Each structure stands twice: as structure tokens, then as C-alpha cells.
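Notes to accompany the following structure.
Rule-based calculations on the coordinates, nothing more; no lab input. Here the structure is a predicted model, which means the values were calculated and not measured.
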Amino acid sequence: MPRRYHDYLSAGYFRIGRAPVNTLQRRQFLLRLAILGSATALPSQLLASITSAKPQRSAFDEDTTATMVLEGIDLSGKTYAITGANSGLGYETMRVLTQHGARVIAIARSQKKAEQAVASISGDAIPAVLDLGKFDTIVDCAQSIRQLNTPLDGLICNAGIMALPQRELLYGIEKQFVVNHLGHFILINQLQEQVVAAPAGRFVILSSLAHQRAPATGIQFDDLALEKSEYDAWGAYGHSKLANALCSRELARRLNGTSATSNSVHPGVINTNLGRHLPWYMRVGGAMFGWTFMKTVEQGAATQTYVAAHPQMKGINGYYFADCNIDPGETPSMQDDAMASQLWEVSERLTREWLPSKTA
């Protein structure tokens with residue numbers, strides 16, 4: 001398939017409500033899509049300079065669902081917070097975690113959406129509200145979570161936006177970088193004490209294979225508005241997803257010596273409303289052919305559910321996961337500890353007003 005279309009599929013999350021096909025069928029179909037060309041190969045490097053032992057390979061793969069990941073596991077007494085819990089992967093993750101006894105703080109952009117999501121499941125969930133593009137709301141949401149006076153066994157940074165067709169700025173910075181990275185950066189810092197206070201708290205930050213579309217030089221520290229060159233929707237999205245992975249990497253380093261961990265995740269290619277900004281032909285392509293090579297939402301939520309809640313992930317810190325296993329699809333920037341450290345420091349400066357005083 002052409003590079004641009006492949007990257008769109010690799011970066012997005014598209015659900016079409018069809019039954020999954022097996023791995024062989026999916027691969028055969030991709031090979032036969034002559035009009036779409038050939039798929040790109042993934043780099044082979046593994047994440048370096050980690051702060052924990054390498055995890056065992058799990059028994060799960062790309063066809064595993066979130067429900068399968070937690071089969072036989074009791075999460076009673078555990079509490080998780082999930083951004084974007086009102087739809088798509090966040091909703092399915094919330095549903096499965098509560099189904100296994102966990103309490104979930106379901107965070108959405110509006111009170112109505114959060115309440116509707118909570119009301120639609122039978123498990124224990126609490127609605128909460130923030131807008132990742134409005135930093136004051138993040139601080140308010142974190143304060144309301146802290147008032148629950150309970151440790152967080154996991155903070156799942158799931159929400160985001162993708163491939164905005166035109167450059168937009170928030171706080172003088174490109175919008176996808178603000179929403180996908182800086183908003184979650186504030187929330188992570190605001191709730192870090194709650195996660196560290198849990199017996200084995202976990203940060204799970206959604207990155208994407210689209211990090212490969214980030215500029216070859218990595219994070220554009222001298223041009224976070226992305227105004228010095230022609231705007232590219234996928235390049236900007238990849239830039240934000242690289243930031244997500246590097247944020248998790250630096251957070252993992254900073255958590256060393258505690259019982260808490262941080263890992264990043266590529267959920268897969270799934271059809272959700274994250275693709276609402278895509279060109280019509282991409283949405284049509286996903287609707288017509290997606291069932292042959294896209295994951296269902298149930299499958300897409302598996303990796304973040306695994307990393308957040310499976311016992312096998314206890315103590316595993318500083319990795320990038322896809323299909324419930326360490327993923328080899330990183331670029332050199334994904335392994336750049338100096339870039340990760342610089343990103344953290346720059347993010348602190350940019351969000352100082354909204355960080356806890358001890359962090360700022």
C-alpha cells in the first residue's frame with residue numbers, strides 16, 4: 001500500500017464492527033491489495049537503557065482481546081483512572097477492568113459523556129471531567145481524584161487527537177503536541193503521588209507506530225509550533241506520539257527506586273472516532289476493507305489492559321509494547337535518553353503554572 005495510506009492505517013484506531021479474521025487471512029489480504037502497494041518494514045531495534053529486567057514474552061498476540069488478557073484475574077480493591085473512557089479503547093478498557101472487580105475513574109471531556117459511559121456498564125466506575133487542551137481543567141480533575149483519598153493502581157493516558165488537517169495552535173504550540181503530550185504530562189505529574197502510593201502503580205501512555213512519522217531529528221524543541229516548514233498532518237501526529245513514548249521513557253527513569261512503573265503502548269490499527277479528521281477516502285477505505293486487517297476495539301484495548309493490569313507486568317518498567325509484548329518498531333529517537341530528558345525539562349517549563357509546586 002502507498003506509504004501515506006499505510007501510515008494512516010498504522011497510526012489510527014478504526015472500528016467497523018466486523019468479526020476479526022485470523023492473522024494469516026489479514027496478511028494474505030494485505031499482500032493482495034495491489035492498488036495499495038506494499039507495506040513498509042519495521043526497524044528491528046529494541047528499546048535500550050531500560051530500568052527493569054526484560055519481561056517474559058506473553059502468551060498473547062494481535063488477535064487477543066482485553067477480556068482474554070484478564071481471564072481468571074481478580075482486580076478487586078484496585079483503582080484505575082483512564083482518559084478518554086467514554087468511547088473506543090478507553091471505554092473498552094474501563095468495561096473490562098470493572099468487569100474484573102476494579103474501580104475505574106472514567107475521564108471524559110464533558111460531564112455528560114463521562115456519566116453516560118459510567119451508566120452504560122455494570123461495574124464500579126466514577127465519572128470525571130477534563131479537556132486535555134485546557135490545562136486548568138486538568139488541574140481541577142486531578143484535584144477531584146486526589147480528594148478520593150485512594151492510591152491509583154494505574155493511570156492510563158488513552159485520549160488523544162489525530163492528523164488534524166490544518167495546523168492549529170494552543171498555548172502557542174501545535175495542538176496535537178499539546179493535547180496528546182502536554183495535557184497528559186500535567187495529569188501524570190498531578191497524580192504521580194497517587195500512583196506511587198499504590199503497591200505497584202502503573203503509568204500506561206498510549207504512543208503509536210506513527211512515531212515513525214515524526215521528524216527524523218526527533219522532537220522539534222526549537223519549533224514546537226511546527227511553523228518553520230510546511231505543515232504535515234501525519235508528521236505532527238507522529239511528533240506527538242514520539243513525545244508520548246519519550247515521556248514514558250523518562251518517567252520510567254524517574255520512577256526507578258519506587259514500586260511504580262511506566263510503559264508506552266501501540267494499540268494497533270482500530271476504527272474509532274479518533275479518525276474523524278481523516279480524508280473521506282481513508283474513512284471509506286477503512287469501512288470497506290478494514291475488517292480484513294484492522295483490529296476490533298476489543299483487540300485494540302488488549303495491550304493497554306495487559307500493561308496496566310496483568311500480574312506478569314508487575315515491576316516491568318521503561319518499555320514500548322504492541323500486541324501485548326515488547327515491540328521492535330522504534331526509531332533511533334525512541335531510544336534517545338538525552339532527548340527524553342530534554343523533553344521532560346522543556347515540558348516542565350511550558351506547563352509550570354499547572355504543575356504541583358514540588359514538580360515545578
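The table below lists the values:
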item: Rounded Å value of the spacing that divides the Cα centres of the range 234-249 and the range 182-204; result: 18
item: Whether the range 105-198 is rounded, prolate or oblate, judged on the alpha carbon gyration tensor where a/c under 1.5 counts as rounded; result: oblate
item: Residue pairs, from the table 78/241; 228/295; 54/241; 134/358; 228/358, whose Cα atoms sit over 31 Å apart; result: 228/295; 228/358
